[in-house]
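Report on one structure; see the data block that follows.
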Amino acid sequence: MRPTRLSALAAALLLLGAPIGAHAQEATRIQVTGEIIDTWCYYSGVMGGPDAVVGSAHQTCALWCSAGGIPVGLLAEDGTVYMVLRVGDDTESAGGDTLLKLAAHTVEADGMLYQRDGLNYLVVAEVVSDMDITNRNHNDYGNVPSFSIPDPNK
């Protein structure tokens, strides 16, 4: 049986140790600027520390994870991570190819913030501006992961 995007989100929350059962607070309208990230690599550390899984060095991996249904996040300038539940009227925009054009981009988003069990959830009403990839770090990290480039000596 193929997992749904909802079950992928539930699994991610369980992996993060989020307790189930507490009630969400009332939503607050916010406007936040930050980078669209791949939450799996950001939280798990499988591809390196937090500075290695952002920007241009991680864009390709972020595309694969998003297309595979991994929840998309928004890493704000102050370090707060928001799990993006939806963008606009698209009910499947938290995973899949609807956010591929925004992977690793810095955006300004306007939407409703819900907080529950210590996690921040964002329902984006509108992407106010898209500043493209502002964190260009290939020179620092190369392609992440390093095994993504075939070794010509093998």
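Fewest to most neighbouring Cβ within 10 Å: what's the order for Tyr43, Tyr121?
The fewest-first ordering by Cβ neighbours comes to Tyr43, Tyr121.
May I have the pair-distance distribution P(r) for region 27-133, computed from all Cα-Cα distances with 10 Å bins from 0 and rounded to whole percent?
Result returned by the calculation: 17, 54, 27, 2.
Among 33-39, 55-61, 129-135, how do they line up by average Cβ neighbours within 10 Å per residue, starting with the highest? Please list the in-between numbers first.
Details: 33-39: 23.9, 55-61: 21.7, 129-135: 13.0.
Result, highest mean Cβ count within 10 Å first: 33-39, 55-61, 129-135.
How big is the charge dipole of region 27-133 about its Cα centre, in debye rounded to the nearest 20, if each Lys and Arg gets +1 on its Cβ and each Asp and Glu gets -1 on its Cβ?
For region 27-133, the charge dipole is close to 260 debye.
Name the trypsin sites (Lys or Arg not before Pro) in region 47-138 that are in a loop by DSSP and that have at most 13 other C-beta atoms within 10 Å, would you? Walk me through the numbers on the way to the answer.
Values: sites: Arg86, Lys101, Arg116, Arg136; in loops: Arg136.
Hits after loop and neighbour filter: Arg136.
Within a 10 angstrom radius of the beta carbon, how do Leu85, Leu75, Leu119 rank from fewest other beta carbons to most?
Details: Leu85 18, Leu75 21, Leu119 14.
So the ranking, lowest neighbour count to highest, is Leu119, Leu85, Leu75.
No lab work stands behind these numbers, since they all come straight from the coordinates. Quantities reported herein were computed from a predicted structural model and do not represent experimental measurements. Cβ sites come from the backbone with ideal geometry, for glycine too, and all protein chains shown count toward neighbours.
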